[in-house]
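Here, each number is a calculation from the coordinates, and none is a lab measurement. Model, not experiment: these values are computed from the prediction. No Cβ is skipped: glycine too gets one built from the backbone with ideal geometry, and neighbour counts run over all protein chains shown.
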Amino acid sequence: MPVVAINTSYLLAPWADVLYGCDGRWWRLCNGAKDFNENGLKISQDEDVCQVYGLKRIYVNRGCNDLLLDCPGYVGSGANGGFQAINLVVQFGAKRILLIGYDMRIDQGDHWHNRHPPPLANPYEPVVSQWRRAIDGAAPKLRELEVEIVNCSAVSALKNYPKMTLPEALEKSDVAVRPEN
């Protein structure tokens, strides 16, 4: 099962297949994520960092909170990289997506990691609420496309996706989990 890491989540999965980060400031702060999987695909919407770090570029429709599917490489914004990554993997042809770390709860802290250092922004409730609305709002379109999303985030505030633990979801995916050597 291909794995997409979003922003700093790549530190938990440096072996992931894809690293997506929409924010050019984040790419600069982590120096292009040089310690990410050398065979992995790095993607951003920021033209400058794509040129500096050799990333693949996608285009984000900033005013759009809908999944965009007609033109590969053009995605809806959803005001967050998590939404954009979902849109992107649907364009890649995914039919089953497991969400990990999609907490969407400001009361649990800003992120699973510490607060972003300046100049990066940290979320606050109206922004996180917008993220939830966009991701939950995509559920009907995903069902129409026969894309199953399973929310494996233990404390997630998302409401429109079935929840399972990650082991349960992987078992139902018929994916062989290999121990690391």
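Computed from phi, the 3J(HN,Hα) profile of the stretch 5-19 under the Karplus parametrisation 6.51, -1.76, 1.60 (θ = phi - 60°) reads 9, 10, 6, 5, 4, 4, 5, 7, 9, x, 8, 4, 7, 9, 10 Hz, with x in place of Gly and Pro.
Run through every distinct alpha carbon pair of the stretch 1-152 and return the Kirkwood hydrodynamic radius in angstroms, one decimal place. Don't jump to the answer; show the numbers that get you there.
Values: mean 1/r = 0.0636 Å⁻¹.
Evaluated on the stretch 1-152, it is 15.7 Å.
Under 5 Å between amide hydrogens, built in the peptide plane, is the criterion, and for Ile97 it picks out Glu148, Ile149, Val150 among residues at least 5 positions away or on other chains. Measuring against 20 Å, Cα to Cα, the residue pairs Lys95/Lys141; Lys56/Lys141; Lys42/Lys95; Lys34/Lys95 contain Lys56/Lys141; Lys42/Lys95; Lys34/Lys95 as the ones spanning a longer distance. Phi angles across the stretch 135-152 convert, under the Karplus curve 6.51 cos²θ - 1.76 cosθ + 1.60 with θ = phi - 60°, into 3J(HN,Hα) values of 5, 5, x, 7, 4, x, 5, 5, 4, 4, 7, 6, 9, 8, 10, 10, 8, 9 Hz, Gly and Pro given as x. Across the stretch 40-47, computed HN-Hα scalar couplings (Karplus, 6.51 cos²θ - 1.76 cosθ + 1.60, θ = phi - 60°) run x, 9, 9, 9, 8, 9, 7, 4 Hz from first to last residue, x flagging Gly and Pro. Exposed loop sites here are GluC sites (Glu not before Pro) assigned a DSSP state other than H, G, I, E or B and surrounded by at most 14 other beta carbons within 10 Å; excluding them, the longest clear run of the chain is 39-145. Annotation: amide H of Ile58 within the under-5 Å range of Ser44, Gln45, sequence separation 5 or more or interchain, hydrogens built in the peptide plane.
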